[in-house]
Amino acid sequence: MTSDPETIVVADANVLINLMHVSRLDVCADLPGFRFMVPDHVSREIRRPEQQSQLDDALERGDLHACSIDHLEDISLFAELIERLGRGEAACLVLAKRHGWTIASDEKGRFRREASKRVGSHRLIGTPDLYVLAIQAELLTVEAADSDKAILERKRFKMRFSSFREKLDEASSRLPREGAR
């Protein structure tokens, strides 16, 4: 995911809203090697005026980039997917499939199964993964991430670990060790 010069990530509303809850949309702009796209279907799912304002500001600044489904065959796939998924999730999946992008979504169940089948689970990240990347890039400390985690949990977004330190240890254990072949 990070070996590409630029990883393009199509963001679902749930990840954007989580970042808005803790005033961290700037992480999307500051994360080195990443560019975040927001489908118009996702933008329409952001309904609270203060969140819509944050999203509009981020799009205007160029922190996030607007995109839409514009290929005929993608419109057909979108129509098929919205019978089983929400419009934002379907748009993210269609665009990720078309362009080879990564999807940022915290959806589970049906969406995760469908996305894994169509684009591969290696191209799915969620809010906790973005935090790990931000900590690794030294944009956030573990303490700041854990503070945001507590706020998000009060907003009903539960993470199944007690500290981002655990997630960092987990991430570093998956990396190849120096000198190992």
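The values are calculated or read from the model by the stated rules, or taken from the named source; none is laboratory data. Given the structure is predicted, the values throughout are model-derived calculations rather than measurements. Reconstructed Cβ throughout: ideal geometry from the backbone, glycine too, with neighbour counts over all protein chains shown.
A few notes on this one:
- Selected residue (only one of LEU152, LEU130, LEU124 is in contact (Cβ under 8 Å) with a residue 60 or more places away in the chain, in contact with a Ser or Thr (Cβ under 8 Å, 6 or more places away or on another chain) and within 19 Å of LEU19 (Cα to Cα)): LEU152
- Reported count of residues in region 1-16, each being surrounded by fewer than 23 Cβ atoms within 10 Å (Cβ to Cβ) and without any contact (Cβ under 8 Å) to a residue 60 or more places away in the chain, is 4.
- Residues of region 91-123 classified as crowded, with 24+ Cβ neighbours inside 10 Å and in a loop (DSSP other than H, G, I, E, B), total: 1
- Any chance ALA66 is of a type in the set (Gly, Ala, Ser), assigned to a strand (DSSP E or B) and at pLDDT 95 or above: yes
- In region 34-70, the residues that are exposed (fewer than 12 other Cβ atoms within 10 Å of the Cβ) and either touching a Phe, Trp or Tyr at 6+ places or on another chain (Cβ under 6 Å) or more than 23 Å from LEU130 (Cβ to Cβ) (or both): PRO49, ASP70
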